[in-house]
1. Given charges of +1 on the Cβ of Lys and Arg and -1 on the Cβ of Asp and Glu, with all other atoms neutral, how large is the dipole of the range B:282-333 about its Cα centre, in debye to the nearest 20?
2. Out of residues 5 or more away from A:A160 or on other chains, whose amide H comes under 5 Å of its own, with H placed 1.01 Å from N in the peptide plane?
3. Using amide H atoms built in the peptide plane, which far-off residues or other-chain residues are under 5 Å from B:T195 H to H?
4. Provide the per-residue ³J(HN,Hα) series for the range A:102-114, in order, calculated from phi with Karplus coefficients 6.51, -1.76, 1.60 and θ = phi - 60°, each as a whole number of Hz, with x at glycine and proline positions.
5. Loop only by DSSP, 12 or fewer other Cβ within 10 Å of the Cβ. Give me the GluC sites (Glu not before Pro) in the range B:21-128 that pass, ordered by residue number.
6. Lys and Arg at +1, Asp and Glu at -1: add these up for the other residues within a Cβ distance under 12 Å of B:N85 and post the number.
7. Rank B:T342, A:S199, A:L75 by how far each Cα sits towards the positive end of the charge dipole of the protein assembly as shown (+1 on Lys, Arg Cβ; -1 on Asp, Glu Cβ) and give me just the farthest.
8. For the pair A:F216 and B:Q403, what calculated FRET efficiency results from E = 1/(1 + (r/R0)^6), where r is the Cβ-Cβ distance and R0 = 45 Å, to the nearest 0.05?
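Since every read-out is calculated from the coordinates, none of them should be taken as a lab result. A quick note: this is a predicted structure, and the numbers were derived from the prediction, not measured. Note that each Cβ is placed from the backbone with ideal geometry, even for glycine, and that neighbours are counted across all protein chains shown.
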Amino acid sequence: MTDTVQAGRRKFFDLARPSRQHLLGYILIAPAVLMVAAIIVWPLILAIDLSFQQVKIPRLGGASRPFSLSNYTWLFSSQEFWLACWVTLKLVVVVTAGSVAVGLSTALLVNNRFKGRTAARLGMALPWAVPEIIAVVIFAWMFDTSFGLFGWLAIQLGFADQMIPWVSSSTAAFWAVAITMVWKGFPFVSIMCLAGLQSIPSDYYAAAKVDGASVFQRFRWITMPLLMPVLGVTLVLTLLWVFRDFSIIKVLTGGGPLRSTQTLSIMTYDQAFQYHNFGRAAAVGVLTLVICIIASLLMLGRRSKSIY
Amino acid sequence: MNKRLKRLALSAATATLMTIGGLSPAMADTVLKFISWQTDDAGTGEWWHSAIAEFEKQHPGVKIEFTKAERSSYADTMTTLFAANQPPQIVHLASFEFQMFADSGWLEPLDPWLEKDGIDMTGWAGQKTCEWNGETVCIMTNYFGFVMAYNKKLLDEAGVAVPKTYDEFIAAAKATTKDLNGDGIADQFGTGHETKGGPGQYLTEMLNYIIDAGAYWTDKEGNITIDTPEMVEGLTRWKTVMKSGISPVDMSASDVRKLFADGKMAMRLDGPWLYGTTEKGTAKSDIVYVAPPLTPPLGGSSNVLAMPSDIPDDQKQLVWDFIKLTMTPEFQRSYATMGGNTPPSPKADVSGVEKTIPHFPVLLQTMKEASEKGIDRVPTGLELYYNEFSKMVMEESQRMIIQDLDPAEVAKTMQAKAESIKG
């Protein structure tokens, strides 16, 4: 009898059996799922919970405050929030477009055979390898209003008669941030596009050439359609990166001057750590997440399926 | 046999674990965490290390883990640690940021500890700032007065005397601002202000001119007093300084100090900590310290020591012992001799400090002047909203400079916004 029970148990836990193999899969991914839940889902739940409380500085394990919509009410009536949304949108459009333009161009360039191609590919990927904070500090030196390289170049080349106040002019500060972000972001687009370009069979181009297609026609009718699946995903990833990036803006301009570079992520930080309004900061964070989800769905959803 | 062996091994392992677990607390040292931004500051950092060494000598088995957190992210670090219920036992904060922690009830009231040890705080500079809701929640570590350091060689070359008033200061700064290599870009500046270090530092820099014009953000009762003719004059002065090109733009404090220390700037209004940088600069021999031409000198509380309210009592006693040690006349004296700081204790013997730090009498003089006039960087009534208030003032001042606005209009806007922040 005991032997029969034990045999039954062994049968149940025999994960090598085809009918039990899905169990093995669940067991193997369980640690990763638990880890993700602990470091992503749990803080997300805490943030959502916090956004519905009127709380200055929360304390782990402390008593919750009563449910309140005041953070969201404040947010939607706050000029600061709408300005941050506008700045974020501008930056997303400019940086994503800039990164794609530069990234795609460089990918097309290094996809050709020429002397020094390996070095060019390495140079193209270099900005991606430089730690973000180091890159920003270098750019901060170059954009320095009093002694910066860009201001000096502008004077020497006759574009300006005095140093450009990169960080104390609203327009200049926005472009300083955008240029730095494009420099940091384009190698990712380049690498992805290069991988996409290399997967396009060369026969297509040969056939098009035989049919008399020009370079532009080959790019328009072969390269772009076949690159779209890769480009679509790259576009979403770049967009999300611009949305959440914090360190470039924080180090370069701190969100100023006059909040001209204050994005939603900078606003979240300021509300939490400058003004100690963690409830409001959580509300900004939750809304940022919602906007990111909607943007991603729009780009990867049904409407954009035709591009794949 | 196998089963017996397994049981035996399991019992042995359990016993070993229990023994180690039981012994470990008794064997381990007590460690007090102390986070500061001053760990490697020239002079002041060494003073903290000497206090820690003396404390550890007096308390065998107790160690202080002295860790650095950058000043720029210091408030964030401390907020995170307190929010996570993991505050350091020895709490070191700037005098404009402890209020939020005190208001949340996270700082231990120190009156019973002071009373128990019979410590009289009368005459302790800036100590009033440490009172929150009628309780003493911290000990003022540093109260300072601003001085003016100037480069004698640069002023002599420009043929200008050491300025004694605001107008003379501006004239001297204009005379010493030069494009040395003729590329159309100024390489030498009359003075310099940090405008990139965040709103609090921005406010400190502009306060030099505001106070000299007879203005301040609030009165002693905490009423907002920005929309006044004196404030309009103060804002006009700040606008003049920032628009006339006598100061480099968008620089951090360390960059400004380095420029001055290396002879690229003629005059600098700063606190006692400037000395550490000028001593390492190439223009060291040309630099002279005097009382600032703007009066009363800007001054105020700088940083405080406190302890968290929810640590065990035995740890509280140790933390208090450490705080008490730093308050002794011996350590208050070495705060001056080692750090070049003005000690807040009225009992500190600072005789002879001028032998090693020649301008020490000027530091003492400006500290006393600022203290007597009740000058502080944190405006009364806005302590809890200091970050929000300073950001508002910085933004409106930037708007005034960028958009060339009338300072009178700016003062009106600031008044309205400050009242709204205060609620």
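1. That gives the range B:282-333 a dipole magnitude of about 280 debye.
2. Excluding prolines and chain starts, which carry no amide H, the hits are A:I155.
3. The list, which skips near neighbours in sequence, is B:D250, B:M251.
4. 5, x, 5, 4, 5, 5, 4, 5, 7, 7, 7, 8, 7
5. Passing both the DSSP loop test and the Cβ count: B:E70.
6. Taking every other residue near B:N85 into account, the sum is 0.
7. In the protein assembly as shown, that residue is A:S199.
8. Numbers: r = 46 Å, r/R0 = 1.03.
With a Förster radius of 45 Å, E is 0.45.
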